[in-house]
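Okay, so here's the structure we're looking at.
The values are calculated or read from the model by the stated rules, or taken from the named source; none is laboratory data. Just so it is clear, the model here is predicted, and its values are computed rather than measured. In this analysis, Cβ positions are derived from the backbone assuming ideal geometry, glycine residues included, and neighbour counts consider all displayed protein chains. Calculation scope for accessible area: heavy atoms of the full protein, side chains included, ligands and nucleic acids excluded. Shrake-Rupley method; radii C 1.70, N 1.55, O 1.52, S 1.80 Å.
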Amino acid sequence: MKTGMRHSDYLKNLLEDRKNEVRNLDPIHEVGDQITSPPSATSLEENKIIAEYLEQKNLQTLANAVPEFKKTLILKKFFKMKRNQEVIVYFELQGATWETSGKVNAIGRDFVILTNLKDRIWIPYKTILSANSPSGVPTYENAHQNFIYDNDLKRKLTTNFGETVAKRDVLIHQFFEESLRSNLERWKGVWVKAVTPEETVWGKIISVTEESVLLQSVSSKRQIAFDDLSHLISARFFNRVLLMGKNILTSLFR
């Protein structure tokens, strides 16, 4: 719209009108000198509900668009919602349906880790038939009920992100979705029980390749292909027995 005014005069009048404009402070998004842009025109609680609905709707749309990845996408979303909470996982083994339970410890690209008082269990998504929350166990919206603000950790993440994350499993699981192969690489030397549809193999993790994991027992070595693997269980009791035997032998030969 043409006003017939010179630019300098128009700008002067505009600034004068803005100075005399009556402004109403938003009690939520304007506090002191700080201004926070509202996420939408709706109220905060309504926006929260809409955001959760859109996230679920987008997941369903993506899963239906790529059916071959639907199972993995749904399982990853479910386990992320249940991080550090108790779940029951059903899987098929030797023609029968088995179940195991534990707290969700880590969620990877193609596997989940459950932990309980005795074991750490690696379960590939491809072997999972279904997963659920046990009845009678409360469901929490957040994985942690108490938050501790670590200024030192904030500084390390800001100045040296890669090295800081690589040193802590909790941060790796939070910032990076590992594959089963890359996760087992960090567990070399640990005794595990590898369960396949045909057999159960005990051994220590020696090496990991793209297609398999190499286990070494007392008398032999076995290559277990990831395609044949139903799940892995850490042999904590076996490790304790070995440690006890080592301590006994050490004490005898002193």
Modelled FRET efficiency - R0 51 Å, Glu21 with Lys48, Cβ distances, 0.05 increments = 0.95
Each residue of the range 213-223 in turn: what ³J(HN,Hα) in whole Hz from Karplus with 6.51, -1.76, 1.60 and θ = phi - 60°, glycine and Pro shown as x?
-> 10, 9, 10, 10, 9, 5, 10, 7, 10, 9, 9
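Among the listed pairs Lys70/Lys118; Lys48/Lys80; Lys188/Lys221, give every one whose C-alpha distance is greater than 22 Å. If you can, show how the numbers build up before the last one.
Details: Lys70/Lys118 32 Å; Lys48/Lys80 18 Å; Lys188/Lys221 14 Å.
Cα-Cα > 22 Å for Lys70/Lys118; rest within.
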3J(HN,Hα) from dihedral phi, the range 37-44, Karplus parametrisation 6.51/-1.76/1.60, rounded to Hz, x for glycine, proline | 5, x, x, 7, 7, 7, 5, 4
Rounded to the nearest 0.05, what FRET efficiency is calculated for Leu129 and Gln223 with R0 set to 22 Å and r the Cβ-Cβ distance?
-> 0.25
accessible surface per residue for the range 30-98, probe 1.4 Å, DNA/RNA/ligands not counted, whole Å² -> 73 Å²
Given backbone amide H placed at 1.01 Å from N, residues whose amide H is under 5 Å from that of Asp110, ignoring those fewer than 5 places away on the same chain, are Leu180
Per-residue HN-Hα couplings for the range 118-127, Karplus 6.51 cos²θ - 1.76 cosθ + 1.60 at θ = phi - 60°, whole Hz, x for Gly and Pro?
-> 10, 10, 10, 10, 9, 10, x, 4, 5, 9
Measure off 7 Å from each Cα along the Cα-to-Cβ vector at Leu59 and Thr164, then give the distance between these two points in nanometres to one decimal.
-> 2.9 nm
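Order of 107-116, 162-171 by packing, highest average Cβ count within 10 Å first? Write down the numbers at each step before the final one.
Details: 107-116: 20.4, 162-171: 13.0.
Result, highest mean first: 107-116, 162-171.
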Please give every one of the lysines within straight-line cross-link reach of Lys12, meaning a C-alpha to C-alpha distance under 26 Å, and leave out same-chain neighbours fewer than 8 residues apart.
-> Lys2
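Round to the nearest 0.05 the FRET efficiency obtained for Leu171 and Ile28 when R0 = 25 Å and r is the Cβ-Cβ distance.
On the way: r = 33 Å, r/R0 = 1.31.
So the FRET efficiency works out to roughly 0.15.
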